[in-house]
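Since the structure comes first, as structure tokens, the remarks are kept for the end.
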Amino acid sequence: MQLRSLSDLELTNKRVFLRLDLNVPTKDGKITDETRIVEALPTIQYLLKHTNRICMASHMGRPKGGPDPKYSLEPVGARLAALLNKEVVFVRNYVEEPVNQYLDQLSPNQVVLLENLRFHDGEKDGDQAFAQTLMRGIDVYVNDGFGAVHRADASVSAAAETLPPAKRAAGLLIQKEVAALTEVMAQPKAPFTVVMGGAKVSDKVPVILNLITKCNNLLIGGAMAYTFLKAKGVDVGASKYEADQLSICEKIFTNAESRKVKIFLPVDHICATEFSEKAKPVAVQTPAIGAGLMGLDIGPSTREQYRQVIEKSATVLWNGPMGVFEWPAFAGGSLAVAKALAETKGKTIVGGGDSVSALNQAGVADRVSHVSTGGGASLEFLEGKTLPGLKVLAK
Ligand code: AMP
């Protein structure tokens, strides 16, 4: 899909609505990973060369029922101000006070950031009236929030549609993301290995079914591995698995076999007797897990086997952690995969918040070809879906 780009826009002194994905993780009001803010900078800086009337907007977390200080974008505004060396005018009450009034009074050293769009139900509902409210007096619409393009939220699609196509464009980050993911889907160099992990098979079925038509190897980890193992008749003890997904796993096995795609499942595990950060890790050196134990990470033999497959691949796509990555005792498998990707000479693409955190924690984020800022969006893109936020920016 060809998207309208920033260079297609007439920007001089225009009032620009810039939809970003500034949904960064925070702890006690402090930003713990600023990747998404940093990734937004090139587009903001590009726009600032042509106009200083920029209104930035984003969602943050999943607030329910109106404003909640826990999900305020204010700390993000402070960080943006420091990174841009500009004053960020933080506008909370943009429904009552039209944002164009702020934009018309801005000095060259100021930019506007709106409070969390999801404090208004109209955002998630894709509400036309809320979109009109956001776009009052706006001349140009730019979306660079790749992490939200799979959602038909008001600021993502209805807001764009308030302007004619010639006045909308994708920012630099969206262009970069779409180019990287399109390349993987259109002409992946073989051997192409997909590494899938995370909590649920059910979330990943459509993407697995699509990728199986393109890849040579599928390495599976995370809780979803236990559903696949169970479907093969292997005992998984007290591990999390989805009973209602066993037949779809069988379908995936048959599909893979007919396409000569090799599916790899864990051959050993790091287990525990309870689902707790404090649980004592227990190494299980067989694919089968005994009663009373639950698999919380892939074991050392699996890590080595996966490393060898990754190392020999020309293209590797990774989405989802190999274990309960948030707990240090069960993060080893995800860190090993992160390192294996960094060491391979092939093209490496990583999507999904936890996999990206694993890369950062292993200190190798700069050693992969592309890190996607949008977990859900990249998965839906890889499923082959048309994403609403991209559709409105198509040429
Ligand atoms: P997802 O959002 O589907 O990528 O899933 C990520 C979540 O899966 C993380 O919060 C992990 O803690 C969780 N997870 C990964 N492996 C396991 C496992 N073996 N048992 C339980 N949860 C897991």
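Considering the stretch 195-289, its Cα convex hull presents a mean projected area of 5.9 nm².
About its Cα centre, what dipole magnitude does the chain give when the only charges are +1 on Lys and Arg Cβ and -1 on Asp and Glu Cβ, stated in debye to the nearest 20?
It comes to approximately 920 debye.
On the protein heavy atoms, probe 1.4 angstrom, tell me the percent of accessible surface of the stretch 254-395 carried by carbon and sulfur.
51 percent
Using Cβ point charges alone (K and R +1, D and E -1), the dipole size of the stretch 150-190 about the Cα centre works out to roughly 80 debye. Solvent-accessible area of the stretch 69-223 (1.4 angstrom probe, protein heavy atoms only): carbon and sulfur portion equals 49 percent.
Helix 332-343 against the longest principal axis of the chain: what's the angle in degrees, Cα atoms only, rounded to the nearest 10? Computed tilt is about 70 degrees.
The mean sequence distance of close C-alpha pairs (under 8 Å, at least 6 residues apart), as a share of the length of the chain, puts its relative contact order at 16 percent. With all protein chains in place and a 1.4 Å probe, the accessible surface of the stretch 1-57 carries 44 percent carbon and sulfur.
With n ≥ 4 as the cut-off for DSSP H runs, can you work out [θ] at 222 nm for the chain, using -39500 (n - 2.57) per run divided by the number of residues, rounded to the nearest 500?
-10000 deg cm²/dmol
Counting charges near Glu343 (Lys, Arg +1; Asp, Glu -1) among other residues having Cβ under 11 Å from its Cβ returns a value of +3.
Rolling a 1.4 Å probe over the protein heavy atoms gives the chain an accessible area of 42 Å² per residue.
On a 28 Å Cα-Cα criterion, which of the cross-link pairs Lys14/Lys86; Lys64/Lys251; Lys27/Lys391; Lys70/Lys230; Lys30/Lys240 come out too long? Violating the 28 Å limit, Cα to Cα: Lys64/Lys251; Lys27/Lys391; Lys70/Lys230; Lys30/Lys240. Taking the DSSP bridge list for the chain and keeping only pairs wholly inside it, about 20 percent are antiparallel.
Taken about its Cα centre, the stretch 81-214 carries a charge dipole of roughly 680 debye when the Cβ of each Lys and Arg holds +1 and the Cβ of each Asp and Glu holds -1.
With q set to 0.07, 0.10, 0.12 Å⁻¹, the log10 of I(q)/I(0) for the chain, from the Debye formula over equal scatterers at the Cα positions, is -0.35, -0.69, -0.94.
Reducing the stretch 207-248 and the stretch 53-118 to their Cα centroids gives an inter-centroid distance of 42 Å. Given the options Gln110, Val89, Val76, identify the residue whose Cα lies farthest towards the positive end of the charge dipole of the stretch 1-155 (+1 on Cβ of Lys, Arg; -1 on Cβ of Asp, Glu). Checking the options against the dipole of the stretch 1-155, the answer is Val76. Farthest towards the positive end of the charge dipole of the chain, among the residues Ala394, Thr213, Gln128, is the Cα of Thr213, using unit charges on the Cβ of Lys, Arg, Asp and Glu. Beta bridges assigned by DSSP with both partners in the stretch 128-284 are antiparallel in approximately 25 percent of cases.
The values are calculated or read from the model by the stated rules, or taken from the named source; none is laboratory data. Keep in mind that what you see is a predicted model, and the values were worked out from it rather than measured. Using ideal geometry, Cβ is built from the backbone for each residue, glycine included, and neighbour counts are taken over all protein chains shown. Side chains included, ligands, DNA and RNA excluded: accessible areas come from the protein's heavy atoms. Shrake-Rupley method; radii C 1.70, N 1.55, O 1.52, S 1.80 Å.
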